[in-house]
2 protein chains.
Amino acid sequence: MSWRDNLIKIEPYVAGEQPNKTDFIKLNANENPYPPSPRAIAAIRGYNAENLKKYPSANAVPLVNAIAKREGLQPENVFAGNGTDDVLSLCFRAFFNSDKPIIFPDITYSFNTVWCDILNIPYKTIPVDKNFSIDPADYARPNGGVVIANPNAPTSIGRGLDFIRAILDSNRDSVVIVDEAYVDFGGVTAVPLLKEYDNLVITRTFSKSRSMAGMRLGWAMGGKEVISAIYATKDSMNSYPVDSIAQAAGVASIEDEEYFQATLKRVIATRGRLTAELRSMGFLLPDSQTNFVFASHPRYSAKDIFEFLKTRDIYVRWFNKPRIDNYLRITVGTDGETDMLVSALKEVMNLWN
Amino acid sequence: MSWRDNLIKIEPYVAGEQPNKTDFIKLNANENPYPPSPRAIAAIRGYNAENLKKYPSANAVPLVNAIAKREGLQPENVFAGNGTDDVLSLCFRAFFNSDKPIIFPDITYSFNTVWCDILNIPYKTIPVDKNFSIDPADYARPNGGVVIANPNAPTSIGRGLDFIRAILDSNRDSVVIVDEAYVDFGGVTAVPLLKEYDNLVITRTFSKSRSMAGMRLGWAMGGKEVISAIYATKDSMNSYPVDSIAQAAGVASIEDEEYFQATLKRVIATRGRLTAELRSMGFLLPDSQTNFVFASHPRYSAKDIFEFLKTRDIYVRWFNKPRIDNYLRITVGTDGETDMLVSALKEVMNLWN
């Protein structure tokens, strides 16, 4: 036996599209085309970086307070972490300690299967239907926990409170995590249900609607018991608290509701225009409640379009995965980026006609 | 079965000493008493925070390059992550996939047992001797991997290259991680051995010698194969790269060797004075190669001293753990903080005499 035999066996990494140039249109990571709140930027510039010599405030109290205030909750209902992935990994460890599998859709955020493997959590994926719709009835089965992204990714489809309520009603004995990474772009939040269901946990991120993907900042909301379990898990893992500068920037972002709403409005307006343009070209796509669209074309292969767009320095996302390999996930960029995308698509369709 | 039955079972958290006041002397977290490099501070102030809308540079290339240059390595020998804990957790997952237990000292960084539990890695701790010394011969046994902190914490004892070499020579078939979190304060780095041993991995942090505990920044060094395995593990886990601002600050810190050395010199000088003062009061403590000392007194209980110091607004670290529960881990602060600590200790000894 050599030490090499004990190295992890993983698939060779297929590199994400990060071209080695700066002059291209990046619509493949669901980033926000607009900068963070000017108040967040000012908080970073004004941060007294001498303080970095000390570890951060342990539980990000000012940030938790700001989030609780905005969401109409108590601080005991909020946990702030180093990005949604950090928060979700703590949640998985805190909540999913059953022998029964946790359940989630087959088409959803890829985090779930990865972390179930890491933490040895049994899981079962449940197929969405041919329209990528999730049927709550499928989640009325014995399980060790439920994870639903709403709106879902990469499908872009958001559902209403009745949908979440249906899942919660048939899962009184499981923790149900609702990942609301994209909810601000027109989705319906489950926050009002927190009063009724103490097994509901909602996660959010600063990476999308708050334009702070370059930091690591996310949070969870839930009843006091579930949130306490996240804190206990974090503490038991020796985890570091949220980066001090990110804490300061996060508070400023949360407190700037006006800029937040204005940015969302711009993205949503451009999404409407993009959706209409794509449909006029024959693309099929559901109405999006996110900052991206999920589109396929009956006549052209998604992979071919994806490859063509790269030759025009436009990067969108194509997943080489069963069921969705003829779809493109396209981030809603600026109006200018959208114009260039649309004209590149018109170009290729002319070419291929 | 209720969802509560599947919550993680963990010991109630014993809160760390984070008094709710600002006017106290904090010598309990091995933080650096001096601020980060002025260049790092300038990099943060000058960071174009509009860029935060995008995800960070995937593999922190400029930071990796700066570290490689400073350490006399190639970029392929360096992995940068969100703090040493992030780097170590990736290493554990990447390297420790054997059925045999990984081995490490019973008295060392508490991270090891926590993450072995999380990742289901079997482990065995090996007692250090009564002087807290690690005997390399104890590590010549079948194992799935070895983790050594050098200098070790909380003992403060650093060992030379012969010690690391002895462990490596009897562990040709295991990955050996040497955690050098404290090495800059007078320890001996194993970097020169990287040329000879491709199963050696060295980890470092920005939190101690580089005064950046408020961020999350650490790195690993090793042969191309082991470093590639860390990258592959990170990529397979969907992990976010290092925070963009932290990347910029990290590069600036690494490039400011002069400030770095000057800060180390100050800490080491104060450590010498603190050590002498403590010994003159009858404390027993090994020579420290870290930014803290590990001291016990033959006549007074560590816990009593710890409690007394709190009444004087001085916070040191006392571990309620077997073998070390009569020791105090005291961070080397500024000269002024050290004076106040010493006079408080003199006060209590007068009181108790």
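Every read-out reported here was derived from the displayed coordinates using simple, explicitly stated rules and does not represent laboratory data. Note that the structure is predicted; figures quoted are calculated from it, not measured. Here Cβ is always computed from backbone atoms with ideal geometry, including for glycine, and neighbour counts include all displayed protein chains.
Values computed for the structure shown
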item	result
Shortest-first distances to equivalent copies, position residue A:127, nm, label 7 Å out along Cβ	6.0
Cα centre as origin, Lys/Arg/Asp/Glu Cβ charges: segment B:1-158 dipole, Debye	480
Simple label model, 7 Å out from Cα along Cβ direction - residue B:196 to residue A:268, nm	6.6
Teacher prompt: residue A:279 distances to equivalent labels in other copies, 7 Å Cα→Cβ, nm	8.2
Rounded D (µm²/s) - segment B:233-353, Kirkwood Rh over Cα pairs, Stokes-Einstein at 20 °C, 1.002 mPa s	128
P(r) of chain A over all Cα-Cα pairs, binned every 10 Å from zero, in whole percent	5, 23, 31, 26, 12, 2, 0
Only Lys, Arg (+1) and Asp, Glu (-1) charged, at Cβ; segment B:170-230 dipole about Cα centre in debye	260
Cα centroid separation, segment A:90-115 to segment A:149-186 (Å)	14
Cβ-placed point charges (K, R +1; D, E -1), dipole of segment B:38-255 about Cα centre in debye, nearest 20	560
Reach of residue A:346 by Cα under 19 Å, taken over aspartates and glutamates that are not fewer than 8 positions away in the same chain	A:277, A:304, A:307, A:313, A:335, A:337
Partners for residue B:9 among aspartates and glutamates (Cα-Cα distance below 19 Å; same-chain residues under 8 apart left out)	A:99, A:173, A:198, A:225, A:235, B:117
Degrees separating the helix B:84-95 axis from the principal Cα axis of chain B, which is the longest one	50
Shortest-first distances to equivalent copies, position residue B:172, nm, label 7 Å out along Cβ	6.5
Rounded FRET efficiency, nearest 0.05, which uses the C-beta distance separating residue B:228 from residue A:169 and R0 of 56 Å	0.70
